[in-house]
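Values quoted throughout were computed directly from the atomic coordinates according to the rules given, and no laboratory measurement underlies them. What you see is a predicted model, and the numbers here were worked out from it, not measured in a lab. Reconstructed Cβ throughout: ideal geometry from the backbone, glycine too, with neighbour counts over all protein chains shown.
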Ligand code: GLY
C-alpha cells in the first residue's frame with residue numbers, strides 16, 4: 001500500500017491533541033524526545049511510542065530494525081496509525097517504518113521544526129542514511145495527513161531556525177509569490193504556509209520526481225557537500241549551495257536577489273561565506289561530490305535558475321562542473 005497524496009492541515013495545539021485523541025485506539029508513534037514535554041499525558045506515558053533521543057544519529061537501518069521490532073511486539077496491525085512527531089530525521093525514519101512494516105501502513109506526520117514543516121514532512125520521501133551517504137535506503141510513501149502546528153516552533157533553537165530559513169530562501173527562488181512575501185517581510189508562518197502549499201502542488205503532480213519535483217533540489221548538489229564538509233545544518237548548507245551555484249555560474253544579478261532574500265529572512269551573509277570556515281577543504285569537497293554522484297555517471301543533472309520563479313535542468317559533465325568550481329576564487333584554498 002503506497003499512498004501518494006496527503007491532506008495538509010494547519011492546527012493549534014488543542015486541535016492537534018484532538019486528532020491524537022481520536023486515534024487513541026490505533027495509535028503508534030515515533031517521537032523526538034525533545035518534544036515530549038509538549039504532548040498530552042497519555043502520549044507521554046504510552047507504551048506504543050518509540051522515543052528518539054538523538055533523531056539525526058538514529059536515522060539508520062539499525063534503529064529502523066529496532067523500531068519495527070518494538071512495534072511488532074506492541075501489536076501493531078495494518079489498521080494502526082503511525083504518528084511521526086519531530087523534525088525531518090524523525091519523520092524520515094518513521095515514514096520509512098510506515099512504508100515497510102506489514103508491507104505499509106498509514107502514517108501521520110507532525111513536523112515540529114521549520115525545516116520539517118516546509119520540506120521533509122510533505123511529499124512522502126522517507127529514508128534512512130547509510131555509511132555511504134544520506135537517504136540511500138527509502139521509499140515514496142506519503143503520510144495520510146500532515147498536521148502543521150506552528151506552536152512547536154516557539155521552542156526552536158537559533159540553529160534550527162537558521163536551518164529552516166535556508167530552505168525557505170530556496171522557495172523564494174522557486175516562486176515569485178514567495179519571494180515577494182519574503183521581501184515584504186511577512187510573518188514566517190504565512191511564508192511557511194505558502195512554501196507548504198507550493199511543495200504540495202508540485203508533489204501532487206510529480207510524486208516520484210520524474211519531472212518538476214527535481215526543482216525542489218535547487219542548491220542541494222553543492223549544499224550536501226557543504227553540509228558534509230562543514231558540519232553545518234541542512235538548510236544553512238542549502239542557502240550556501242544556492243549562493244555558490246550563482247557564483248560558479250556567474251549569475252551576479254541573481255546573487256543580488258539572494259542577498260536581498262537572505263537579508264529579509266535574517267540569514268547571516270557572513271556565515272554563508274566560505275571565508276567564514278577556515279576548516280573548509282576543497283579536496284574533501286570535491287571527493288564528497290564524486291562519491292555523492294550516482295555511480296557510473298559521467299554527468300550530473302543540475303537545477304539552475306533563469307530568474308526568480310523559473311528553473312531548468314541542465315545535464316553537465318561532472319568534470320566540467322568541477323572545473324567551474326575550481327575556477328571560482330572562493331574555492332581556492
Ligand atoms: N526535499 C525535496 C523533495 O521532497 O522532493
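For the reader, a short list of remarks on this structure follows.
Conditions tested, residue by residue: (1) more than 18 Å from residue 146 (Cα to Cα); (2) in a loop (DSSP other than H, G, I, E, B); (3) in contact with a strand residue (DSSP E or B) (Cβ under 7 Å, 6 or more places away or on another chain).
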{"site": "5", "(1), (2), (3)": "no, yes, no"}
{"site": "17", "(1), (2), (3)": "no, no, no"}
{"site": "35", "(1), (2), (3)": "no, no, yes"}
{"site": "69", "(1), (2), (3)": "yes, no, no"}
{"site": "75", "(1), (2), (3)": "yes, yes, no"}
{"site": "82", "(1), (2), (3)": "no, no, yes"}
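- Answer from 88, 104 - the residue that is away from the ligand (no atom under 16 Å from the Cβ) and touching a residue at least 12 places away in the same chain (Cβ under 8 Å): 104
- Checked against the criterion of being part of a helix (DSSP H, G or I), surrounded by 14 or more Cβ atoms within 10 Å (Cβ to Cβ) and touching a helix residue (DSSP H, G or I) at 6+ places or on another chain (Cβ under 8 Å), the range 306-319 contains one or more residues that satisfy it.
- Complete set of residues in the range 200-230 that are surrounded by 17 or more Cβ atoms within 10 Å (Cβ to Cβ) and within 10 Å of the ligand (Cβ to nearest atom): 202, 203, 207, 213, 214, 215, 216, 217, 218, 220
- Residues (farther than 21 Å from residue 194 by Cα and surrounded by 24 or more Cβ atoms within 10 Å (Cβ to Cβ)) located in the range 106-120: 107
- Criterion (surrounded by fewer than 24 Cβ atoms within 10 Å (Cβ to Cβ) and under 14 Å from the mean Cα position of the chain (by Cα)) met by exactly one of 137, 128: 128
- Some residue of the range 76-93 being on the phi > 0 side of the Ramachandran plot and surrounded by fewer than 24 Cβ atoms within 10 Å (Cβ to Cβ): no
- Within the range 140-152, the set of residues being surrounded by fewer than 20 Cβ atoms within 10 Å (Cβ to Cβ) and away from the ligand (no atom under 16 Å from the Cβ) comprises 144, 145, 150, 151.
- Output for the range 256-281, where each listed residue is surrounded by fewer than 17 Cβ atoms within 10 Å (Cβ to Cβ) and part of a helix (DSSP H, G or I): 256, 259, 260, 263, 270, 271, 275, 276
- Among residues of the range 194-208 that are touching a residue at least 24 places away in the same chain (Cβ under 8 Å) and farther than 11 Å from residue 8 by Cβ, those with a beta-carbon under 7 Å from a residue that is away from the ligand (no atom under 12 Å from the Cβ) and not in a helix (DSSP H, G or I) at least six positions away or on a different chain give the pairs 198/175; 207/4.
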